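Have a look at the structure below before the remarks.
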Amino acid sequence: MALADILAAVATLGDAVGEGLVALALGFAALPTGIGFLIGAVLVFALGSVIPVSFEVESLTVISRLGERDWKRMSYMILLAGVLGACFGLLGVYGRIVSFIEGPILSGMMTGVGVILAFVAIDTFKSNKVVGGVSIAAALLAFFGLAGDDNNLIYALFICVLAGVIASRFVPFEVIETSTEREKIKLIPLDGFRWLKDIRVIRGALALLALRVGTSIAYSGIDGQMAGVEVNVDHTNIIAGLAGVGSALFGGAPVEPIISGTAAAPNPAISGVIMMAVMGGILLLGLLPRLAKVIPMASIAGFLFLLGACLAIPDNVSGVVSDTDFYSGPVTVVVTAATFDPFLGMVCGILTRFVTMTLFGV
């Protein structure tokens, strides 16, 4: 294990804390989610995966909206999606999907995700322009200033989060108010599984599964590129599914595959395990609400901007168009970026490929 592994874990931890604060604001319980992080850490270590799981704004938003912030209904959605996702992973369903969309569609998804990350970084910057501006500036200066170092991305991610936290000491920032009423490890009421007949629960679970198809493929691809390895998306979904089940059984939030700075570490799997284990401990000890007072969300603006604008987009945009497929990649990029939904982008890309091949033979 190298110092860069620890720095990458700490930098990614800043992102996990920031998105964890979003989870608190949307009505999810933090403490039981720690169980999901620990399950994820064990599975990542066992499978040697470079794709960690963590809080993810997209999934948090989808579940909270469809569940109308009813914590029981949200828990049932996450639980059902976790069981189905893990089963699909065990059956190798996701690997077949990747084989089908590889090429311009996959490159388009990852380029679109890069655009999404850049936009989210800008929105995060707007929440506190001083802290966000310092974070982005520090990220760019460190990334390009240390261009000769193989670990420049790791150092830049760590420096930008640290710079944002330091800047927050000199300017006020809004602290998210949280309720400690549900912060307990207690099994949710399963009610004889009658919730399986609730159309809203079914709809939410399917929405989360659909979102995970897109994010696990796109995000895993970007993490795999950073780590320089071939990723197994079926393993990614097994990890996310079982971690989500562990969290949901006690009323916690979904934990999903993420674009992670740990993937660029010398030992990406170990770095990811460190991040998840530490975050799990933070959650189980009830420290997240306290951290909300010292770590503003805007401090991760540089982290997000760097991963999107300086990594995901440049590394994938050249593959969006191929000699035999001119249209599906660009459509995938536009739809993914416009809707903030990699799964919808993938579907539109597949339809475009089918139509153009049927009508024009290209």
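The values are calculated or read from the model by the stated rules, or taken from the named source; none is laboratory data. Note that the structure is a prediction, hence the values are computed from the model and not measured. Here the Cβ positions follow ideal geometry from the backbone for every residue, glycine too, while neighbour counts run over all protein chains shown. We work out accessible area using only protein heavy atoms, side chains counted, and drop any ligands, DNA or RNA first. Shrake-Rupley method; radii C 1.70, N 1.55, O 1.52, S 1.80 Å.
Quick notes
- Each part gets one Cα centre, and for segment 127-166 versus segment 228-248 those centres are 29 Å apart.
- For the chain, the per residue solvent-accessible surface stands at 41 Å², with DNA, RNA and ligands left out and a 1.4 Å probe.
- Residues of segment 194-215 with amide N under 18 Å of the 7 Å Cα→Cβ point at ASP70: 194-208
- Spin-label proximity, VAL175 to segment 1-42 - amide N less than 17 Å from point 7 Å beyond Cα toward beta carbon: 18, 21-22, 24-25
- One decimal place: the segment VAL83-GLU230 gains 50.4 nm when fully extended, by the rule 0.36 nm per residue minus the C-alpha distance.
- Relative contact order [Cα under 8 Å, 6+ residues apart], the chain, whole percent: 40 percent
- Choice from PHE55, PHE305, PHE173 with maximal GNM fluctuation in the chain (Cα, 10 Å cutoff): PHE173
- Stretch gain in nm, segment LEU206-PHE100, where the contour uses 0.36 nm per residue and the Cα spacing is subtracted: 36.0 nm
- Span-like helix ranges in the chain, DSSP H, alpha carbon extent 15 angstrom or more, Kyte mean at least 1.6: 33-47, 129-145, 152-167, 268-284
- The helix-based estimate of mean residue ellipticity at 222 nm for the chain, built from -39,500 (n - 2.57) per DSSP H run of four or more residues and divided by its residue count, is -22000 deg cm²/dmol to the nearest 500.
- Expressed as a whole percent, the accessible surface of the chain that belongs to carbon and sulfur atoms is 68, based on a 1.4 Å probe.
- Aspartates and glutamates with Cα under 17 Å of LYS72, excluding same-chain neighbours fewer than 8 positions away: GLU181, GLU183, ASP191, ASP198
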